[in-house]
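Student: What follows is a single structure, and I will ask about it in a moment.
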Amino acid sequence: MRIAFEIVDEEIKLQPIIKVVGVGGAGGNAVAHMIRRGISGVEFIAANTDYKVLSLNPAPIKIHLGKNLTRGLGAGGKPEIGRRACEESEREIRECLKDADMVFIAAGMGGGTGTGAAPVIAKICKEMDILTVAVVTKPFTFEGKVRQKIAEEGLEELKKSVDTLIIIPNDKLLTLGSPQEKLYEMFKRADDVLYYAVKGISDLVLSPGYINLDFADVKAVMTESGGVALMGMGEARGDGRAELAVNMAISSPLLEDISLTGARGILLNITVHPETFT
């Protein structure tokens, strides 16, 4: 009896490859926060026109957008500059994303680089047939009407290319904290929400649970979401904590007073202490 073995050089992907791209200042801050907090199994990329800010980011992969256009000085709050800078760096972006199955784009809408470059990166992902989820913030009202208008225009561009768009209105974050919170604490809270959004979805894909959910399941929900998605979070301790946490999540201020009735799909991630099941 003879047994033949064939050695295959090509590595078999046992898990989907997930990458998080932080675009612009706010997106870069979000990625830095995710790295500090820790999200296992994902690859972090920072992309910015401002070279000085980019060089300080802890992301292992950095893309300097528009080296020739901006010469490392940023987009000056102009989305058109951010867009053109991103288009200049398209080849480098494609190289960084070539093996990805899923990409999260984190950005703040209302500025130059995030608003202008995020839709371009989303379009590139779409052309590469990558499942793309954008998690972005809308400016606080006190940041002014001009910034609000720029943000809305950026959101409309993003919707054209992403599979799912999760919008975090910064104004809603005010209801989650105390009235005495300082400005930097508010922006840190926004980073926390972006972190939980990415971690919640990536954990569903990468971490085995008591109920099996694979990448195909997540992809089906994300691609059939109709474009815009909402998220809620809940955390509780003590007796009745499960019900309390669920009620907090579905009544979260981040849901913008929109009912879950009529939702095409829901992704639910529940994390508990291991002893809960013993």
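None of the figures in this text is laboratory data; all of them are computed from the coordinates on show. Remember, it's a predicted structure, so these values are computed and weren't measured experimentally. Note that each Cβ is placed from the backbone with ideal geometry, even for glycine, and that neighbours are counted across all protein chains shown.
Student: For the residue pair residue 216 and residue 55, what label-to-label distance in nm results when each label sits 7 Å from Cα along the Cα-to-beta-carbon direction?
Tutor: About 4.8 nm separates the two model spin labels.
Student: Turning to a different aspect of this structure: Applying a 10 Å radius around every beta-carbon, put 104-114, 241-251 in order of their mean neighbour count, most first. Walk me through the numbers before you get to the answer.
Tutor: Working: 104-114: 29.8, 241-251: 14.3.
Final packing ranking: 104-114, 241-251.
Student: With unit charges on the beta carbon (Lys/Arg positive, Asp/Glu negative), name the residue among 162, 261, 249 whose Cα is farthest towards the positive pole of the charge dipole of the chain.
Tutor: 162
Student: Still on this model: Can you grab the distance from the C-alpha centre of the range 92-139 to the C-alpha centre of the range 37-75, Å, no decimals?
Tutor: Centre-to-centre (Cα) distance: 13 Å.
Student: Then there's this: Which percentage, to the nearest 5, of the DSSP beta bridges contained in the chain is antiparallel? Before the final figure, lay out the partial values.
Tutor: On the way: 1 of 33 bridges.
Bridges in the chain that DSSP calls antiparallel: roughly 5 percent.
Student: Moving on to the next point. Full extension from residue 250 to residue 181: what is 0.36 nm times the residue separation minus their Cα-Cα distance, to one decimal in nm? Intermediate results must be reported in sequence, preceding the final value.
Tutor: Numbers: separation 69, 0.36 × 69 = 24.84 nm, distance 2.46 nm.
The span from residue 250 to residue 181 would gain 22.4 nm if fully extended.
Student: Let me ask something else. Would you please give the residues with an amide H less than 5 Å from that of residue 181, counting only those at least 5 places away or on a separate chain, with H modeled from the backbone geometry?
Tutor: When sequence neighbours closer than 5 places are left aside, there are no close amide H contacts.
Student: Quote to one decimal, in nm, the extra length available between residue 80 and residue 236 on full extension: 0.36 nm per residue of separation minus the C-alpha distance between them.
Tutor: Numbers: separation 156, 0.36 × 156 = 56.16 nm, distance 4.42 nm.
Value of the extension gain: 51.7 nm.
Student: What is the fewest-to-most order of 273, 64 by other Cβ atoms lying within 10 Å of their Cβ?
Tutor: Working: 273 8, 64 18.
Ranked by crowding around the Cβ, least crowded first: 273, 64.
Student: A further question follows. How about residue 138: which aspartates and glutamates have a C-alpha closer than 12 Å to its C-alpha, ignoring those fewer than 8 places off in the same chain?
Tutor: Within the straight-line limit of under 12 Å, residue 138 reaches these aspartates and glutamates: 152, 153, 171.
Student: Which helices of the chain meet both criteria: a Cα extent of 15 Å or more along the helical axis and a mean Kyte-Doolittle score no lower than -0.5, with helices taken as whole DSSP H segments?
Tutor: Details: long enough: 24-37 (19 Å, -0.09); 113-127 (21 Å, 0.40); 145-159 (21 Å, -1.07); 183-206 (34 Å, 0.38).
Span-like helices here: 24-37, 113-127, 183-206.
Student: Beyond a 32 Å Cα-Cα separation, which of these cross-linked pairs lie in this structure: 98/182; 160/182; 19/188?
Tutor: Correct reply: 98/182; 160/182.
Student: Here is a follow-up. Any of 52/126; 52/149; 67/172 with alpha carbons more than 32 Å apart? Name them for me. Before the final figure, lay out each step's value.
Tutor: Details: 52/126 30 Å; 52/149 28 Å; 67/172 36 Å.
Where the Cα-Cα span goes over 32 Å, the pairs concerned are 67/172.
Student: Name the long-range amide H neighbours of residue 22: under 5 Å, sequence gap of 5 or more, or other chain; modelled H, no Pro or chain starts.
Tutor: Answer set, sorted by chain and number: 45, 46, 47, 106.
Student: Quote the charge dipole size of the chain about the Cα centre in Debye, to the nearest 20; the model charges only the Cβ of Lys and Arg (+1) and of Asp and Glu (-1).
Tutor: Values: 32 positive and 37 negative charges, 179 e Å.
Here the chain has a charge dipole of around 860 debye.
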